[in-house]
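Below is one structure; the comments refer to it alone.
The values are calculated or read from the model by the stated rules, or taken from the named source; none is laboratory data. What you are looking at is a predicted structure, and each value in this text was computed from that prediction instead of being measured. All Cβ positions, even for glycine, are placed from backbone atoms using ideal geometry, and neighbour counts span all protein chains on display.
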Amino acid sequence: MRKSAFLFPGQGSQEIGMGYDLFKDDAYFRSLISLADEITGENLEKICLQGPDRVLMQAGILQPALVCICLGYLRRLSERGVTADFILGHSLGEITSLAASGVVSDEDAIRIAAKRGELMDQVASGCNGGMLAVMFVPLGDVEQLLREFEAPEKIVFANDNAPDQVVLSGDLEYLDKFASVISERKLGKCKKVPVVGPWHSPFMSKARCEFEEWAESIAFKKPGISLILNATSKTETHPATIKHLVSWQLTSPVFWRKSMDLIRESGVDTIYEIGPGRVLSGLARVNGFKKNTTIYNINTLSGIDSVQLT
């Protein structure tokens, strides 16, 4: 029996021009982006379509905008009768997955993303932080190097994305030093992640506490579709547990590789990456989803038209 999964991207997948076709003629999406405009006080259409990148990258702007765009494409995909057996999002994408699985309303997902981004920007403004992708180096070797640095308050493991890709978070000076060691020892390659702060690290502790307190007033429901969360890489069903883990995710690592292992072992053979870019599609391939897996990139309305219905 065929099984499918919806994947929602996070920060780093953004691009100037994203959602251009939704901005043109999608009334429901317009209602979502208008709410995001009202909350942020920004013209998100102008920023998404024209940039500049340095503005779009700000978490308080990017997070609600990206959630709106993902939900806009999801609605159009759902109108074609496409459903999923599993739903999961990468980092910020987890907020979109809450709405997609029925845990929160679309409107509350936008409010959550906006508040989350606002608090993360506050942290970023007070530190010199960022994130670094480390490729072609086994996780155990990365962890050993981190122990050599002896600076857990400055640089930490943040994402386990795939067998050949992990992401570190922390102070930019320490990230640069780590990249230099990787290069000098010829262990692999490193690349800065296009974000403005040290996400999924102890730097975010204050933001996590404030977000958890703010989110108390948001109603969470039991998911209607199997929902996998980043912090546990397991399906979660209890609303209070989900709310706690969504808050905890701000300081805890994203266990994406284990999450992908779970849906692959559960028989998923069709994947829909819903939102800008193709980051998660690439990660699916290196996480064992080979040629017998159909992967659709739903980042334009024409991409939805290309979906073959069974």
Taking segment 198-214, which residues are hydrophobic (A, V, I, L, M, F, W, C) and surrounded by fewer than 17 Cβ atoms within 10 Å (Cβ to Cβ)? Cys209, Trp214
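Can you work out which of the residues in segment 167-195 that are assigned to a loop (DSSP other than H, G, I, E, B) and among the β-branched types (Val, Ile, Thr) is nearest to Lys115 (Cα to Cα)? Walk me through it before giving the result.
Filtering segment 167-195 down to residues assigned to a loop (DSSP other than H, G, I, E, B) leaves 185-188, 193-195.
Keeping just the survivors that are among the β-branched types (Val, Ile, Thr) gives 193, 195.
Details: Val193: 22, Val195: 17 Å.
Applying the filter and picking the extreme gives Val195.
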For Glu15, indicate whether it is closer than 24 Å to Ser105 by Cβ and surrounded by fewer than 18 Cβ atoms within 10 Å (Cβ to Cβ). no
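Take Thr294 and tell me if it is farther than 23 Å from Ala114 by Cα and under 18 Å from the mean Cα position of the chain (by Cα). Even if it seems obvious, please write down each step before you answer.
Working: farther than 23 Å from Ala114 by Cα: yes; under 18 Å from the mean Cα position of the chain (by Cα): no.
Here the answer is no, as Thr294 does not meet what is asked.
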A careful count of residues in segment 138-163 that are small (Gly, Ala, Ser) and modelled with pLDDT of 95 or more gives 2
Name the residue that is farthest from the chain's Cα centre (by Cα), counting only residues in segment 91-137 that are in a helix (DSSP H, G or I) and at pLDDT below 95. Ser125
Residue match in segment 158-171 (condition: free of Cβ contacts under 8 Å to residues at least 60 places away in the same chain, within 25 Å of the chain's Cα centre (by Cα) and surrounded by fewer than 18 Cβ atoms within 10 Å (Cβ to Cβ)): no
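Residues checked against (1) outside any helix (DSSP H, G or I); (2) in contact (Cβ under 8 Å) with a residue 24 or more places away in the chain; (3) closer than 24 Å to Leu229 by Cα; (4) among the polar types (S, T, N, Q):
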{"site": "Leu35", "(1), (2), (3), (4)": "no, yes, no, no"}
{"site": "Glu45", "(1), (2), (3), (4)": "no, no, no, no"}
{"site": "Leu49", "(1), (2), (3), (4)": "no, yes, no, no"}
{"site": "Ile61", "(1), (2), (3), (4)": "no, yes, yes, no"}
{"site": "Ala65", "(1), (2), (3), (4)": "no, yes, yes, no"}
{"site": "Cys68", "(1), (2), (3), (4)": "no, yes, yes, no"}
{"site": "Leu71", "(1), (2), (3), (4)": "no, yes, yes, no"}
{"site": "Gly81", "(1), (2), (3), (4)": "yes, yes, no, no"}
{"site": "Leu88", "(1), (2), (3), (4)": "yes, yes, yes, no"}
Segment 138-166: number of residues that are of a type in the set (D, E, K, R), in contact with a Leu (Cβ under 8 Å, 6 or more places away or on another chain) and not in a helix (DSSP H, G or I): 1
Looking at Val134, Val195, Val181 in this structure, which one is of a type in the set (Val, Ile, Thr) and surrounded by fewer than 17 Cβ atoms within 10 Å (Cβ to Cβ)? Val181
Among the residues listed as Ser259, Ser226, the single one being more than 14 Å from the chain's Cα centre (by Cα) and modelled with pLDDT of 95 or more: Ser226
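Right, Ser13: at pLDDT 95 or above, of a type in the set (Gly, Ala, Ser) and in the same structural domain as Leu98 (by TED's automatic domain parsing) or not? Can you show your working first?
On the way: at pLDDT 95 or above: no; of a type in the set (Gly, Ala, Ser): yes; in the same structural domain as Leu98 (by TED's automatic domain parsing): yes.
It is false that Ser13 is at pLDDT 95 or above, of a type in the set (Gly, Ala, Ser) and in the same structural domain as Leu98 (by TED's automatic domain parsing).
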Any residue at all in segment 62-71 that's touching a strand residue (DSSP E or B) at 6+ places or on another chain (Cβ under 9 Å) and surrounded by fewer than 22 Cβ atoms within 10 Å (Cβ to Cβ)? no
